[in-house]
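Everything below concerns the one structure shown next.
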Amino acid sequence: MEIVDTYCEVFEGLVVQLMVTAQDAKFLTRAVNAFTALPSTVFGDAEGGIVRWLSEKETIDGRLGAIVQLWVTGTGKKAIAKFYEQLGRRMRQGILVVPTTAVYNYFPGSTELMFNMMDNVGHCGDGYEWIVEKFKRKLINIPIMMGYDFLIEENISYAKGVMGGNLWLFCDSVDSGIKVGRETVKILAEIDNVCTTFDVCSAGSKPVPPDAKYPEIGPSTNHPYCPTLKDKLSPSEFQVPTGVKSIPEIVFNGIKLEDVKVAMQKTIEGITDMDGLLKISAGNYGGKLGKYKIWLRELGLKESYFS
């Protein structure tokens, strides 16, 4: 196994981090997946992910829970407006409709940037909503037909974060790609303040070139790295190393740049001895996309791994 001496690009976005709780695991899983699965959409739209799952002893209200993040690219006024709208939509359609759920602000540290959730979620109560104080927090109580009213914290923190950290895992078969990818995600699930918005991602993308065949699609498949195109591309264009049959990608979003670096380091260290993993690299776009670069060689890994 070797690690390519390269980097991934990460760029700024806006992020909220929330705690979602529910009466039982079925309702919790449904709510969390609905909130974060709408997201893994085209580049530039909102995207979300699960940071980690929580036991009853770890949550604010003593029920099962999960920490989730939602992101949008950009940090200006348009991005903020889009974020508020997307956050409300996902909350209303993904969590509020799931019985027994509640949502709490769970952003680490302090930030002066806050979304008031009354206009985009609270008014689902059609004017019958009200503010309650529980768990030393101000919550919007939204009456719903289930009889167990939906609770959401009145003010949700948001701040700048970093998006798009990634690893490419070059494996000797599809089965090993799945195993290594899943182990990477498993390790990541134990790290705070970082999520992967695509889990084990099967389709790394490339920037939209000026001469794109289908520009309306947006970023399309990164064809030089598709193993099944070996006989359809010229040797100079085909970039898959000999023996590699699968290249899953893992994408990292984190509240701070250091969070993403730590997550990349720990996941690499946790998978380097796995059978079927031949090489680790990262996707970048020639330094034109991201504000920051994370060099794999600077993650504190063993020097002997680098080619």
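The values are calculated or read from the model by the stated rules, or taken from the named source; none is laboratory data. This is a predicted model, so every value here is computed, not measured. Neighbour counts run over all protein chains shown; Cβ positions are idealised from the backbone, glycine included.
General remarks:
- Subset of segment 73-89 (residues that are touching a strand residue (DSSP E or B) at 6+ places or on another chain (Cβ under 7 Å), without any contact (Cβ under 8 Å) to a residue 60 or more places away in the chain and either under 15 Å from residue 123 (Cα atoms) or of a type in the set (A, V, I, L, M) (or both)): 84
- Single condition residue 92 does not satisfy, out of (1) over 26 Å from residue 10 (Cα atoms); (2) part of a loop (DSSP other than H, G, I, E, B); (3) in contact (Cβ under 8 Å) with a residue 24 or more places away in the chain; (4) not aliphatic (A, V, I, L, M): (2)
- Taken as a whole, the structure places residue 79 among residues that are of a type in the set (Gly, Ala, Ser), assigned to a helix (DSSP H, G or I), modelled with pLDDT under 95 and more than 30 Å from residue 277 (Cβ to Cβ).
- Test: residue in segment 64-87 that is under 23 Å from the mean Cα position of the chain (by Cα), under 22 Å from residue 32 (Cα atoms), surrounded by fewer than 16 Cβ atoms within 10 Å (Cβ to Cβ) and of a type in the set (Lys, Arg): no
- One residue alone among 250, 294, 255 is within 22 Å of residue 193 (Cβ to Cβ), β-branched (Val, Ile, Thr), buried (at least 22 other Cβ atoms within 10 Å of the Cβ) and in contact with a Cys (Cβ under 6 Å, 6 or more places away or on another chain), and that residue is 294.
- Considering 150, 170, 115, the condition of being modelled with pLDDT of 95 or more, under 21 Å from residue 55 (Cα atoms) and either of a type in the set (Gly, Ala, Ser) or out of contact with any Gly (no Cβ under 7 Å at 6 or more places or on another chain) (or both) is satisfied by 150 alone.
- Residue in segment 226-240 that is part of a loop (DSSP other than H, G, I, E, B) and buried (at least 19 other Cβ atoms within 10 Å of the Cβ) present: no
- Within segment 135-157, considering residues that are touching a residue at least 60 places away in the same chain (Cβ under 8 Å) and part of a strand (DSSP E or B), the one farthest from residue 61 (Cα to Cα): 157
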